[in-house]
Structure formats: C-alpha cells, structure tokens
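Student: Dumping the structure here so I can ask a few things about it.
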Amino acid sequence: MLKRFSKYVLQSVAGMIGLSVYILADTFFIAYASGADGLAALNLILPVFGLIYAIGAMIGIGSATRYGISKAKGEAADHYFTQSIAWSVLFSIPFVLAGIFAPDKCLAFLGADARLVELGKTYLRIILIVAPLFMSNYTVTAFARNDNATSKVMAGSLAGSVFNVVFDYIFIFPMGLGFSGAALATAFCPVVTMLICSTHYMSKKCSVGFRWKKLSVRHLISCCQLGVSAFVGEISSAVITFIFNMLILGLTGSTGVAAYGVVANMSLVGMAITNGMAQGTQPLISESFGKGEHGQVKKLLRWALTSVIVVEVAMVILVWIFTDPFVAAFNSENNLLLLKYAHTGLRLYFLGFLFAGVNIMLVAYFSATASARPAIIGSLLRGAVAIAVCAIVLAKLLGMNGVWLSFLASEMLTFVVILILSKHKENR
C-alpha cells in the first residue's frame with residue numbers, strides 16, 4: 001500500500017504541476033513580451049482561470065470520488081462519467097457567452113484600466129470560449145485516476161504542459177501573436193491531455209462505464225458535496241487573487257499588481273503540489289473507506305499528512321533561499337520597484353504554506369470519507385471567508401505587508417477550526 005500511495009501521490013502531483021504550468025508559461029513569456037503591463041493584465045485574468053478550474057474540479061473530482069465509493073460498495077456507477085461531462089459542459093455555457101460578447105467588460109470588472117483592457121481582452125475572450133475544454137478535462141483526468149490509470153493522467157498533463165511551453169514561444173515570438181498567441185497555446189493544452197487520457201478509456205483496462213442517464217440535480221448535488229474541497233482548492237487562488245488585486249491597486253497601483261503576479265504564479269505551483277498530493281491520496285482513502293477498512297484509512301491519512309508537511313517546509317526554504325532569482329525570471333525590464341514588492345511578498349506569502357497543505361489534505365480526507373459538513377466548512381473558510389477578512393483587516397493595519405501576511409493568518413485560523421471539527425467528529 002505504501003508503494004501504491006507513493007505512486008498515486010507523485011503522479012498526481014506531476015499532473016497538477018502540469019496544469020499550473022499552463023498559466024506559468026504564459027506569465028513567463030508574456031513578462032518578456034509585454035513587461036510589467038502584460039504581467040499586470042494577466043494577473044487580473046487569473047481569477048477567471050480559478051473560477052473555471054474550480055467548477056470543473058468540483059463536478060469532475062466530486063463525481064469521480066462518489067464513483068470510487070459507489071464502485072467499492074458494489075453499487076451501480078456506470079453513469080457517473082457521462083453525467084459529469086454533461087454538467088461540466090452546461091456550467092461552461094455562461095463563460096462561453098461572456099467570452100463572445102463581453103470580455104472587455106469582464107476585464108474592467110476585474111480592475112483593469114482602459115490600457116490593460118485593450119491589452120488583455122483577446123486573451124480573455126479565447127480562454128472563456130474554451131472553458132468547456134478546461135472544465136471537462138477535470139472529469140477525464142479524475143475518472144482515469146480513480147480507474148488506476150495514474151500514469152496515463154500524469155503523461156497527459158505533462159504533455160499538455162510541454163505543448164503549452166513550446167507553442168507559447170512559437171505563437172508569441174516567431175508568429176508575433178503576442179497575448180493572443182499565449183491564449184491559443186493555453187487553449188489547446190486540455191485537448192492534448194484529454195486525447196492521451198482517452199487511450200485509457202478505449203483500452204481493455206478501463207472499467208469506467210459510459211451509460212447515459214437523464215441528468216439529475218440530486219445526483220449533481222451528491223457528487224458536488226464531495227467535490228467541495230477540490231472546488232475550494234482551486235477557487236481559493238481566484239478569490240485570493242481578486243481580493244489582493246483590488247487591495248494592491250489601491251495601495252501601490254499596477255506595479256504592485258505586477259509584483260503580485262510573480263507571487264501568485266509561484267503560489268499556483270505551490271497550490272498545485274499540495275492539491276496534487278490531496279487528489280492523489282483521495283482515491284485510496286475513498287476505496288478503503290468504501291470497503292470499511294478504517295485502519296487503512298487512518299494509515300493513509302498519517303502518510304499523507306507527514307508527506308505534505310515535509311513538502312511544505314521544503315517549499316518555504318526554497319523560496320527564501322532563491323527569492324531574487326525567482327522574481328528575476330518574471331522581471332524582464334529589471335523594474336526595481338517590482339523587485340522590491342515581489343521580494344518581500346514572496347517570502348511573507350509563502351509562510352502560509354506551512355499550514356495550507358495540511359488544511360487541504362484534511363479537507364480532502366473529509367471529502368473522501370463522505371464527511372461533507374467538515375469538508376464544506378473547512379473549504380469555504382480557507383478558500384473565501386478567512387482570507388477575505390484577514391486581507392482586508394491586515395491591509396488596513398500593515399499596508400502591503402498585511403496583504404502578504406493575510407494568507408498565513410487565514411490558514412492558521414482555518415487549521416484551528418478544522419482541529420475543532422475533527423474533535424467534534426471523533427466525539428460523535
């Protein structure tokens with residue numbers, strides 16, 4: 001089981017890093033092509049990615065989790081995949097319509113001035129129109145992972161990332177498409193990933209059913225209850241980015257937002273690693289829980305928490321040692337003010353990962369064991385409520401340093417609440 005646990009976690013982390021590279025590669029090349037303005041415009045768009053990913057993750061991973069539990073119990077589960085795809089496509093329609101008719105208004109709502117709207121509206125239009133692909137990608141990868149095809153998921157995610165890096169460069173520089181080229185490269189990434197994962201679904205090893213069944217809102221809610229942790233794991237970055245953008249625009253203007261773009265993109269990688277560890281552990285816990293192997297569930301949780309704590313500490317140490325090289329990778333103009341803001345921001349912000357990974361893992365554990373209430377409370381607290389309150393209060397008290405420290409404060413608060421919920425669950 002330890003060997004299987006290591007395989008699932010490592011391959012899931014590699015796959016999630018692959019997803020985060022979609023945006024990271026865009027940021028890197030856009031920073032060189034468009035400088036601080038390009039970095040600021042892209043950072044204002046990041047919450048849109050987060051919302052699309054969050055809804056797709058809630059439906060896809062929640063459905064796959066419910067599928068894993070039902071399958072372990074011997075219940076009929078051959079309609080979960082088709083339901084998940086159908087709901088993902090339906091929920092993507094508003095994004096598609098916004099991309100066609102109002103990308104400029106969406107950017108203005110996100111805080112962009114006229115200059116940044118003009119720079120980023122085509123990028124946002126393309127991303128919104130292909131939302132069905134991003135959202136369906138979560139279903140395709142989650143069900144394959146739950147069907148013991150973790151290697152295929154990892155290969156698909158990494159292939160999508162390599163495609164993005166290569167074609168970001170080709171579209172932005174040799175073809176001269178700029179921002180639009182970065183969006184096109186990113187838009188094709190989920191297609192690459194899903195094509196590779198589909199080879200598993202067409203193989204004899206596949207045990208996922210594809211029976212069509214009339215869409216059921218009750219079924220959707222049942223699945224989404226177990227996908228809340230995945231939803232918040234993704235939406236938290238969007239909520240944090242949106243709130244921080246608004247606060248930083250008021251404190252330091254677009255240069256501060258560009259600096260936060262560096263912090264946010266490095267944070268995406270950190271979140272990808274911790275979310276990947278949680279998602280890699282989830283199928284094993286769901287399977288053991290479904291079979292009634294409660295001792296095995298506790299053992300898996302212990303391994304998961306130990307692993308994530310080691311990774312969290314390593315991430316913080318790396319960021320503190322290599323702060324300036326990380327910032328320099330996104331500061332092509334050698335903007336000294338951007339360097340100043342990002343240097344302090346990276347170091348203070350990443351302290352929050354000392355608690356974030358543990359919180360994400362505990363919430364995933366609650367979801368995998370069908371404990372919806374603590375999963376939902378813990379998820380909403382760390383993903384929206386606590387970070388919003390801490391950011392607003394600390395920004396007023398400490399300025400920019402307060403903004404950076406609010407991630408740490410919110411994760412500490414969430415950790416305390418999760419411990420209380422855990423004790424309450426044990427005493428029931």
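Student: For the chain, what does the helix formula give at 222 nm: sum of -39500 (n - 2.57) over DSSP H segments with n ≥ 4, over the residue count, nearest 500 deg cm²/dmol?
Tutor: -29500 deg cm²/dmol
Student: Reachable lysines from K7, Cα under 25 Å, same-chain residues fewer than 8 places away excluded?
Tutor: K71, K73, K152, K204, K205, K291, K298, K299
Student: What's the percent breakdown of Cα-Cα distances in the range 162-290 across 5 Å bins, shortest bin first?
Tutor: Using 5 Å bins, I get a P(r) of 2, 8, 9, 12, 18, 18, 13, 9, 7, 3, 1, 0 for the range 162-290.
Student: Over all directions, what mean area does the Cα convex hull of the range 246-383 project, stated in square nanometres?
Tutor: Approximately 8.9 nm², given one-decimal rounding.
Student: Continuing with the same structure: Could you quote the convex hull projected area for the range 46-86, Cα atoms only and averaged over all directions, in nm²?
Tutor: 2.8
Student: Need one number for the range 337-428: average projected area of the convex hull over its C-alpha atoms, nm².
Tutor: Its average projected convex-hull area is 6.2 nm².
Student: Picking from T122, T141, T193, which is most flexible by a Gaussian network model of the chain using Cα springs under 10 Å?
Tutor: Of the options given, T122 has the highest mean-square fluctuation.
Student: Taking the dipole about the Cα centre of the chain, with the C-beta of Lys and Arg at +1 and of Asp and Glu at -1, give me whichever of V297, V363, F81 is farthest to the positive side.
Tutor: Of the options given, the answer is V297.
Student: Using the Cα atoms of the range 363-407, I'd like the radius of gyration and the largest Cα-Cα distance, Dmax, both in angstrom.
Tutor: Cα only, the range 363-407: 13.8, 41 Å (Rg, Dmax).
Student: Next question, about the same structure. Give the Debye-formula value of log10 I(q)/I(0) at each listed q (0.10, 0.12, 0.15 Å⁻¹), with one equal scatterer per alpha carbon of the range 18-162, two decimals each.
Tutor: -0.41, -0.56, -0.80
Student: To continue, here is another question. Per 10 Å bin from zero, what fraction in whole % of the C-alpha pairs of the chain is there, up to the bin with the longest pair?
Tutor: Reading the bins upward from 0: 5, 23, 34, 26, 11, 2, 0.
Student: Quantify, in whole percent, the carbon and sulfur part of the accessible surface of the range 81-208 (1.4 Å probe; protein heavy atoms only).
Tutor: Ligands and nucleic acids excluded, carbon and sulfur reach 74 percent.
Student: Hey, can you list the DSSP H helices of the chain whose Cα span along the axis is 20 Å or longer and whose average Kyte-Doolittle score is at least 1.6?
Tutor: 228-251, 353-368
The values are calculated or read from the model by the stated rules, or taken from the named source; none is laboratory data. Small disclaimer: the values here were computed from a predicted structure and weren't measured. Don't worry about glycine lacking a Cβ; one is built from the backbone with ideal geometry, like all the others, and counts go over all protein chains shown. SASA here: full protein model, heavy atoms, side chains in, ligands and nucleic acids out. Shrake-Rupley method; radii C 1.70, N 1.55, O 1.52, S 1.80 Å.
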